[in-house]
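The values are calculated or read from the model by the stated rules, or taken from the named source; none is laboratory data. From a predicted model like this one, the values you see are computed outputs, not experimental measurements. As a convention, Cβ positions derive from the backbone with ideal geometry for all residues, glycine included, and neighbour counts pool all protein chains shown. Only protein heavy atoms, including side chains, enter the accessible area calculation; ligands, DNA and RNA are left aside. Shrake-Rupley method; radii C 1.70, N 1.55, O 1.52, S 1.80 Å.
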Amino acid sequence: MELSCATFAKGDPEYEAVRSKVVWNGHKPERYPDIIVQPKDTEDVIAVVKYAWQKGMKIGIRSGGHSWTASFLRDGGMLIDVSRLNDITVDPDAGTATVGPGTFGGSLNARLKEHGYMFPGGHCPTVGLGGYLLQGGFGWNSRLYGMGCENVLAVDVVLPDGTLVHADENEHSDLYWAARGAGHGFFGVITRFRLRCHPLPRAIMNSCFWVSTDHLNELISSLDGAKDSFPRHLEVSMFIGHDQQGFPGLSALVRADALAATRAEARSALETVHRLPVLSNSLKAEIFRDGDLDVLLDTVGGVLEVGHPEIVADNTWMNAPIRTVLPQLREMIAALGPAPSHLYFLYWNRKEHKLPDMAFSLEGNVYITYFAYYTDPAEHEEWAKIIAEGIASVADVGVGSQLSDENLLKRPARFMAAENFKRLETIRRKYDPTRRFHGFMGLAEEYKRLEA
């Protein structure tokens with residue numbers, strides 16, 4: 001059986017360049033698929049999956065390649081790069097969009113803007129929707145509109161034997177359940193997502209405060225106490241790092257973004273942060289800045305998608321007050337590398353929100369991510385150890401990790417409720433009994449007992 005799409009076998013002259021290019025991170029893991037294929041449409045995907053079935057190959061899937069661990073990149077078998085499946089169809093009357101898995105969130109929102117809609121895609125514009133939606137996906141206005149996976153209405157999936165099926169709440173509902181949260185452990189190739197879209201907020205406004213870490217105790221305690229008052233259309237985050245906004249040494253950037261229906265509503269939301277007394281000690285403040293979704297995407301993309309070639313990260317969700325782990329946080333901050341390495345807090349706090357019945361099942365009041373950016377490849381193992389140990393020091397009072405900036409290889413952690421993992425494995429045995437698709441990169445002990 002011959003494949004008509006672009007194909008690169010290990011040993012081909014172009015193979016290493018292609019293998020490196022599919023990984024967004026400057027760090028290229030030493031994992032080598034036997035063959036990398038780049039289908040351009042659903043028919044190509046069916047053909048390559050059937051080819052893998054006939055050859056007995058295991059399969060990994062890459063959409064946008066934004067996973068810093070390159071969880072899609074495995075030794076042996078076939079890597080299917082679906083980045084070329086990036087078509088977008090908008091139905092403004094229904095308020096929906098149909099997209100390919102390789103579509104960037106920024107590209108989708110550019111199209112939706114023409115119709116007065118938005119989708120809660122990734123904070124960075126170049127996050128591919130395939131991996132983002134499979135793992136949960138929190139992005140702009142997700143506190144109000146829900147995780148990306150909460151807004152998936154249906155998927156088209158190529159199963160391990162090459163069969164194409166449609167899955168939604170009525171048809172192949174178990175597969176639809178799994179597709180919303182299984183992340184890189186999903187056992188099929190999604191070629192199309194149908195998404196619920198939302199009205200584009202008419203008033204997008206931002207305030208930023210840069211505060212010396214000399215005030216860290218008061219700052220964290222204040223945010224702990226205030227987070228319950230943040231309206232759902234307000235996103236509050238904090239970045240701690242070196243040399244922010246030109247200030248030498250360490251500082252904390254408290255960022256508040258309101259995506260509201262009116263300017264008055266946006267200003268009122270921002271004022272819930274402005275009222276924190278600790279912010280009177282700010283090194284600098286920029287308040288009530290008007291913007292739009294493009295500005296938000298470009299700003300955060302500019303922070304995270306810098307020219308530093310190598311990245312290591314890990315994360316945890318927490319329900320406990322952040323002040324209870326201040327000693328550990330101070331140690332993590334002391335170990336931070338040069339800018340743009342940072343410790344990130346997202347004040348999520350959706351306690352009154354009930355998640356739909358889906359594989360995604362784990363979130364907390366605050367999301368914490370620890371990032372190291374470095375330029376010397378020889379430092380990779382050292383930074384991987386620092387980051388994993390740092391998050392492990394606070395994870396004991398956490399509720400688990402999010403499949404986005406996780407590091408399951410260095411620190412296997414829980415990422416969904418145990419009963420959901422058990423259900424996921426039951427569905428896997430139904431659709432992929434021979435485990436043709438690669439599973440998770442690493443598993444916590446509680447999951448290993450349920451996997452068999």
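Observations on the structure shown:
- Eligible aspartates and glutamates near residue 40 by straight Cα distance, threshold 14 Å, same-chain separation 8 or greater: 81, 87
- Using the rule -39500 (n - 2.57) for each DSSP H run of four or more residues, divided by the residues of the chain, the 222 nm mean residue ellipticity is -8500 deg cm²/dmol.
- Between helix 380-395 and the chain: long-axis angle, C-alpha atoms, 0 to 90°, nearest 10: 70
- Using a probe of 1.4 Å on the protein chains alone, the accessible area found for residue 24 is around 90 Å².
- For region 99-215, the Cβ-based charge dipole about the Cα centre amounts to some 460 debye (Lys, Arg positive; Asp, Glu negative; other atoms uncharged).
- Positive-end residue, region 340-452 charge dipole about Cα centroid, Cβ charges, pick of 353, 413, 369: 353
- In sequence order, region 17-29 has phi-based couplings of 5, 5, 4, 5, 5, 6, 9, 5, 5, x, 7, 9, x Hz under the Karplus curve 6.51 cos²θ - 1.76 cosθ + 1.60, θ = phi - 60°, and Gly or Pro positions carry x.
- The HN-Hα couplings worked out from phi for region 39-48 by the Karplus form 6.51 cos²θ - 1.76 cosθ + 1.60 (θ = phi - 60°) are x, 10, 7, 4, 4, 5, 4, 4, 5, 6 Hz, whole numbers, x standing for Gly and Pro.
- Charged-residue dipole, Cβ positions (Lys, Arg, Asp, Glu), the chain about Cα centre, Debye nearest 20: 620
- For region 407-420, backbone phi angles converted through the Karplus equation (6.51, -1.76, 1.60; θ = phi - 60°) give residue-by-residue couplings of 9, 5, 6, 8, 9, x, 9, 6, 9, 7, 4, 4, 5, 6 Hz, Gly and Pro being listed as x.
- Region 53-67 and region 160-193: distance between their alpha carbon centers, rounded to Å: 15
- Cβ crowding within 10 Å averaged over residues, with 67-80, 337-350 ranked highest first: 67-80, 337-350
- Structural descriptor for region 203-400: relative contact order 27 percent, calculated from alpha carbon pairs under 8 angstrom and at least 6 residues apart.
- Pairs from the table (227/448; 10/58; 113/354; 28/422; 113/351) lying more than 25 angstrom apart at Cα are 227/448; 113/354; 28/422; 113/351.
- Considered as an equivalent ellipsoid built on the Cα gyration tensor, region 203-400 has semi-axes of 26, 21, 17 Å, the largest given first.
- Rg/Rh for the chain, where both radii come from Cα atoms and Rh is the Kirkwood radius: 0.96
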